[in-house]
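First comes the structure, then the notes that go with it.
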Ligand code: ATP
């Protein structure tokens, strides 16, 4: 196995005295995909916040290509190819689709994917490029948030709950886009409450329980693990 492109070692994240993440470690090989699943409030978003640089971890180390980036500000991580697609999308509703995408290109302009290429991956955005982003449906806004991250040609994409609040058909579309991103050898860390769907897409899974990793393994095995099925997957 190649060296991990991203590794997280003994990460802890606190909000004041509340320790939201405790001693979490995992790594992702280049081109691989890890799913972090678990109940509401288990600490999944806090892990992504520390990895993307939005929060400073209390303890632990984040490495990109073996380099310690734990103290790097978020924008420097984006420059190095590590981007976050945040929960709740955080698109700018009064700007057009095209303008939102242009903002995504800002940090790594030299590498920016030409808009035409991006619109091939996200045809729905091509049709809506001159509309204000606030006029898009929830699923379309999620596509825009993913596209905005992809325009800077990231090497590692962190996705926080991309299927949240979407109709089943849009959930399929979002996971279809994730498959395409993977096919282009981009490394993905996916946080999802839709655990079954996430584990079906990822190579490796980690189940977080109250801030700590409770189960880890190949995603296909977690999908069959009776403890994981009972607590997180339920019957289909
Ligand atoms: P969700 O799916 O609800 O986002 P999650 O697994 O991503 O859940 P986190 O959002 O990381 O979990 O939250 C982990 C814990 O940290 C929770 O107990 C939560 O209440 C707490 N927490 C999260 N954000 C803050 C904050 N800004 N201030 C205080 N506590 C917080």
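Applying the criterion of being in contact (Cβ under 8 Å) with a residue 60 or more places away in the chain and within 13 Å of the ligand (Cβ to nearest atom) to the residues of the stretch 47-67, the residue that is surrounded by the most Cβ atoms within 10 Å (Cβ to Cβ) is 47.
Out of the residues in the stretch 27-42 that are over 14 Å from the mean Cα position of the chain (by Cα) and buried (at least 20 other Cβ atoms within 10 Å of the Cβ), state the one that is nearest to the ligand (Cβ to nearest atom). Only one residue fits best here, namely 42. Among the residues of the stretch 74-87, are any closer than 22 Å to residue 175 by Cα, surrounded by fewer than 16 Cβ atoms within 10 Å (Cβ to Cβ), at pLDDT below 95 and within 16 Å of the ligand (Cβ to nearest atom)? Among the residues of the stretch 74-87, not one is closer than 22 Å to residue 175 by Cα, surrounded by fewer than 16 Cβ atoms within 10 Å (Cβ to Cβ), at pLDDT below 95 and within 16 Å of the ligand (Cβ to nearest atom), which makes the answer no.
When 185, 179 are screened for being more than 15 Å from the ligand (Cβ to nearest atom), modelled with pLDDT under 95 and on the phi > 0 side of the Ramachandran plot, only 185 passes. Has the stretch 189-208 got any residue that is out of contact with any helix residue (DSSP H, G or I) (no Cβ under 9 Å at 6 or more places or on another chain), surrounded by fewer than 17 Cβ atoms within 10 Å (Cβ to Cβ) and either more than 29 Å from residue 60 (Cα to Cα) or touching a residue at least 60 places away in the same chain (Cβ under 8 Å) (or both)? No, that holds for no residue. Checking each residue of the stretch 130-146 against the condition of being within 30 Å of residue 65 (Cα to Cα), within 19 Å of the chain's Cα centre (by Cα), crowded, with 19+ Cβ neighbours inside 10 Å and touching a residue at least 60 places away in the same chain (Cβ under 8 Å) gives at least one match. Scanning the stretch 55-79 for residues that are over 16 Å from residue 156 (Cα atoms) and touching a strand residue (DSSP E or B) at 6+ places or on another chain (Cβ under 8 Å) yields 55, 57, 58, 59, 60, 61.
For every residue, the table says whether it meets (1) on the phi > 0 side of the Ramachandran plot; (2) in a strand (DSSP E or B); (3) in contact with a helix residue (DSSP H, G or I) (Cβ under 6 Å, 6 or more places away or on another chain).
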| residue | (1), (2), (3) |
| --- | --- |
| 7 | no, yes, no |
| 14 | no, yes, no |
| 21 | no, yes, yes |
| 28 | no, yes, no |
| 36 | no, yes, yes |
| 48 | no, no, no |
| 60 | yes, yes, no |
| 72 | no, no, no |
| 77 | no, no, no |
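The values are calculated or read from the model by the stated rules, or taken from the named source; none is laboratory data. Because the structure is predicted, anything quoted here is derived from the model rather than measured. Don't worry about glycine lacking a Cβ; one is built from the backbone with ideal geometry, like all the others, and counts go over all protein chains shown.
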